[in-house]
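Student: Structure below; questions to follow.
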Amino acid sequence: MYRTVLQTLRLFIVPVILLFLFIVGYVFVTKIIAPRYTFRVSSDTVIKELRSLSRLETASFTLEKVIDAGTNGNRFQELLFGDRILLIAHGEVIAGFDFATLGKEDVVVSGDSLKITLPPPMILITKLDSDQTRVYDRKTGILSRGDKDLESAARLEAEAIITRAACTGGILEEASKNARLQLTTLFKSVGFTRVTIVTPVGSC
């Protein structure tokens, strides 16, 4: 009786174990051997995504300059009619890329490889910090009422000087380097195994 029950259990258990091993093996082999899904991204898609960013800011320089502006006469003229201002200007210059001009010929997709030729880097924004930019000193002649527009003119000159300083300091080169790094990381994260970002030399 005992042997009969044992034989019956064997007949039942063995097929179940074999079936379980078959299922586990099938799942394992399917995951290892079966082809994975691949996704194809066209150049038009890449262009659309880049244009949706509009402008990509990739470098920022913060600078401080002292601006001396005003009349330029002899001592007697300055004593009577002079008007000079000393402005401490604190500003930020931001450089990057404008993708509005990106064309289809600038993006080449070949399988898992992507090559993008960006427009030249450019200065996108130059702005003075209102809280930190201030008039340090102002001198007016005895007969001078002072030019109400002198401070505004000094601020405009400060923006131009800060922009030139950022350009001399290599802000466009920094913008190009950061753009290559950011875009390479971005497009590799969506499946491209080889990404080439070409950045032409820009000018301020």
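Student: Could you please find all residues in the range 45-63 being open to solvent by 60 Å² or more (accessible area, probe 1.4 Å), touching a strand residue (DSSP E or B) at 6+ places or on another chain (Cβ under 7 Å) and of a type in the set (Ser, Thr, Tyr)?
Tutor: The answer is Ser60, Thr62.
Student: Let me ask something else. From (1) in a strand (DSSP E or B); (2) of a type in the set (Asp, Glu); (3) free of Cβ contacts under 8 Å to residues at least 60 places away in the same chain, pick out the condition that doesn't hold for Glu105.
Tutor: Glu105 satisfies all of (1) in a strand (DSSP E or B); (2) of a type in the set (Asp, Glu); (3) free of Cβ contacts under 8 Å to residues at least 60 places away in the same chain except (1).
Student: Next question, about the same structure. When you scan the range 184-192, do you find a residue that is within 30 Å of Leu87 (Cβ to Cβ), open to solvent by 40 Å² or more (accessible area, probe 1.4 Å) and either of a type in the set (Lys, Arg) or assigned to a helix (DSSP H, G or I) (or both), even just one?
Tutor: Checking the range 184-192: not a single residue is within 30 Å of Leu87 (Cβ to Cβ), open to solvent by 40 Å² or more (accessible area, probe 1.4 Å) and either of a type in the set (Lys, Arg) or assigned to a helix (DSSP H, G or I) (or both).
Student: Tally the residues that are modelled with pLDDT under 90 and open to solvent by less than 30 Å² (accessible area, probe 1.4 Å), restricting the search to the range 100-116.
Tutor: The qualifying residues number 2.
Student: Ser176 - would you say it is at pLDDT 85 or above and either open to solvent by 60 Å² or more (accessible area, probe 1.4 Å) or among the basic types (Lys, Arg) (or both)?
Tutor: no
Student: Do we find that Gly169 is in contact (Cβ under 8 Å) with a residue 60 or more places away in the chain, touching a Phe, Trp or Tyr at 6+ places or on another chain (Cβ under 8 Å) and farther than 24 Å from Leu124 by Cα in this structure?
Tutor: So Gly169 fails the test.
Student: Being in a strand (DSSP E or B) and among the small types (Gly, Ala, Ser) is the filter here; which residues of the range 108-132 pass it?
Tutor: Answer for the range 108-132, where residues must be in a strand (DSSP E or B) and among the small types (Gly, Ala, Ser): Ser110, Ser113.
Student: Checking Glu174 against (1) out of contact with any strand residue (DSSP E or B) (no Cβ under 6 Å at 6 or more places or on another chain); (2) over 30 Å from Asn72 (Cα atoms): exactly one of these is not met. Which one?
Tutor: Failed condition: (1).
Student: For the structure I just gave you, tell me whether Thr196 is among the β-branched types (Val, Ile, Thr) and open to solvent by 60 Å² or more (accessible area, probe 1.4 Å).
Tutor: no
Student: Something else now. Considering only the range 193-202, state which residues are assigned to a strand (DSSP E or B) and within 18 Å of Pro119 (Cα to Cα).
Tutor: Answer for the range 193-202, where residues must be assigned to a strand (DSSP E or B) and within 18 Å of Pro119 (Cα to Cα): Val195, Thr196, Ile197, Val198.
Student: Please verify whether Ile85 is touching a residue at least 24 places away in the same chain (Cβ under 8 Å) and either under 16 Å from the mean Cα position of the chain (by Cα) or not in a strand (DSSP E or B) (or both), treating the condition exactly as stated.
Tutor: no
Student: Specify which of the listed residues (Gly91, Gly70, Gly96) is small (Gly, Ala, Ser), in contact (Cβ under 8 Å) with a residue 60 or more places away in the chain and open to solvent by 30 Å² or more (accessible area, probe 1.4 Å).
Tutor: Gly70
Student: Would you mention how many residues in the range 133-148 are in a loop (DSSP other than H, G, I, E, B) and either open to solvent by 80 Å² or more (accessible area, probe 1.4 Å) or touching a residue at least 60 places away in the same chain (Cβ under 8 Å) (or both)?
Tutor: So the answer is 8.
The values are calculated or read from the model by the stated rules, or taken from the named source; none is laboratory data. Bear in mind that the values here come from a model prediction, so they are computed numbers and not experimental data. A quick note on method: Cβ atoms are made from the backbone with ideal geometry, for glycine too, and the neighbour counts reach across all protein chains shown. Calculation scope for accessible area: heavy atoms of the full protein, side chains included, ligands and nucleic acids excluded. Shrake-Rupley method; radii C 1.70, N 1.55, O 1.52, S 1.80 Å.
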